[in-house]
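Trainee: Before we start, here is the structure in question, set down as C-alpha cells.
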Amino acid sequence: MSKKKKMKFEVQEGESIADCLERMDKMGYKPVRRMEKPVFSEEKQGQNVHYEPIKQVIVFEGLLKEDER
C-alpha cells in the first residue's frame, strides 16, 4: 500500500516541535509548511459573547520524501 503524498502532523500535548519533526522523519515525510491555529474559549457575559485565546496549535504539512515514493 502506498503512502499519501501529503500529510498533516499536529504537535501533541506534551510533545516538543523537535519530537513532532522526528516523528515525521520516521514516517518518511519532510516538513514543507508550518501553520499555527489559535484555539479560543467562548465566554457569555449577558448578551455579549467574549472569545478568549487559550492556546496555539502547531500543525506541520509533510511531503513524502523522494526515496519513500
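Here, each number is a calculation from the coordinates, and none is a lab measurement. The structure presented is a predicted model; accordingly, all values stated were derived computationally and were not measured. With ideal geometry, Cβ positions are generated from the backbone for all residues, glycine too; neighbour counts draw on all protein chains shown.
Trainee: Of (1) in a helix (DSSP H, G or I); (2) touching a residue at least 40 places away in the same chain (Cβ under 8 Å); (3) not aromatic (F, W, Y), A18 satisfies all except one. Which?
Mentor: Looking at each condition in turn, A18 falls short on (2).
Trainee: For the stretch 43-58, which positions are exposed (fewer than 10 other Cβ atoms within 10 Å of the Cβ) and closer than 22 Å to F9 by Cβ?
Mentor: I54
Trainee: How many residues does the stretch 26-65 hold that are in contact with a strand residue (DSSP E or B) (Cβ under 9 Å, 6 or more places away or on another chain) and not in a strand (DSSP E or B)?
Mentor: Total meeting the criteria: 3.
Trainee: Check E10, E36, E43 and return the single one that is farther than 25 Å from E66 by Cβ and under 11 Å from the mean Cα position of the chain (by Cα).
Mentor: So the residue among E10, E36, E43 that is farther than 25 Å from E66 by Cβ and under 11 Å from the mean Cα position of the chain (by Cα) is E36.
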